Every structure is written in structure tokens, then in C-alpha cells.
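Here the structure comes first, spelled out in C-alpha cells, and everything after it is commentary.
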Amino acid sequence: MEDELIVPCSSLAVDSFIRFTTAGGLWGFCSAPYDARKRGLTGIAQASFVAKSVGKFGFQCGLVAGVFSTTRCGLQRYRKQNDQINTLIAGAVAARTRSWKNVIAVACLVSAFSVAAEVSRTN
């Protein structure tokens, strides 16, 4: 029987926050120039808008992912079960942290990565 490595929930939260902050920042970096052009911004105003968008998207994605990871890990330890109920409850808690538009996009992303991690871990 293998000994399982028990990772603290805080470490999982920090890891998720860093990964999804990066992903959100990249999303902001890709989408912000388009939004800035739609608003008619140019020059310094456009650069400022892009920089603020990168920071905003990055922080929001990181926050939602951190809340999701912490909640899921805590539920898993409390219930002593690793099942979809933990993921469902954690997703609902994370959804309450930000606007629905952003939450839906991030929840889909977090769920996809969670499923991919679970599948790769069991194989």
C-alpha cells in the first residue's frame, strides 16, 4: 500500500491562485486590446486600459480559483471523501465571489483543469 502525500489546503490554494492569475492575465492581455479599440482608445490611454485589464482579469481568476481550491480541499478533508459533491459545493461557493459573467468563464476553466488533473492522476 502506498503512502499518500497529504498536501495542505493552503498550498493548493496558492498554487491555484498563481496558475489562474497567470491564465487570467494572459486572457486580459489577449482581450483588452480588442476592448480598447472598441472604446476608441489609443496611445497611453490604450496601454493603461490594457494594463488595468490584465491585472483585473488576473486577480479575479486567481481569487475564484483560490476560493474553489480551498473549499474543495476543506470539504474533502472534512467529509473524508473525494467525490463530485465537493466540487459542486466548491464551485457554488466560488461563484459567489465575483460577477456571474466572469465566474461562468472561470468556473468552466477550473472545472476543465480539475477533471483533467483527476483523470491524469488515476491513470
Roughly how many nanometres apart are two label points built 7 Å out from the Cα toward the Cβ at Lys56 and Arg39? 0.6 nm
Can you give me the distance in nm between label points at Asn82 and Ala112, each placed 7 Å from the Cα along the Cα-to-Cβ direction? 2.3 nm
Just to be sure I understand the model, the point goes 7 Å from the Cα along the line to the Cβ. What's the resulting Val119 to Leu26 distance in nm? 1.9 nm
Net charge over other residues, Cβ less than 13 angstrom from the Cβ of Ser53 (K, R count +1; D, E count -1): +4
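No lab work stands behind these numbers, since they all come straight from the coordinates. Please read these numbers as outputs of a predicted model, since none were measured by experiment. Glycine also receives a Cβ, built like all others from the backbone with ideal geometry; neighbour counts cover every protein chain displayed.
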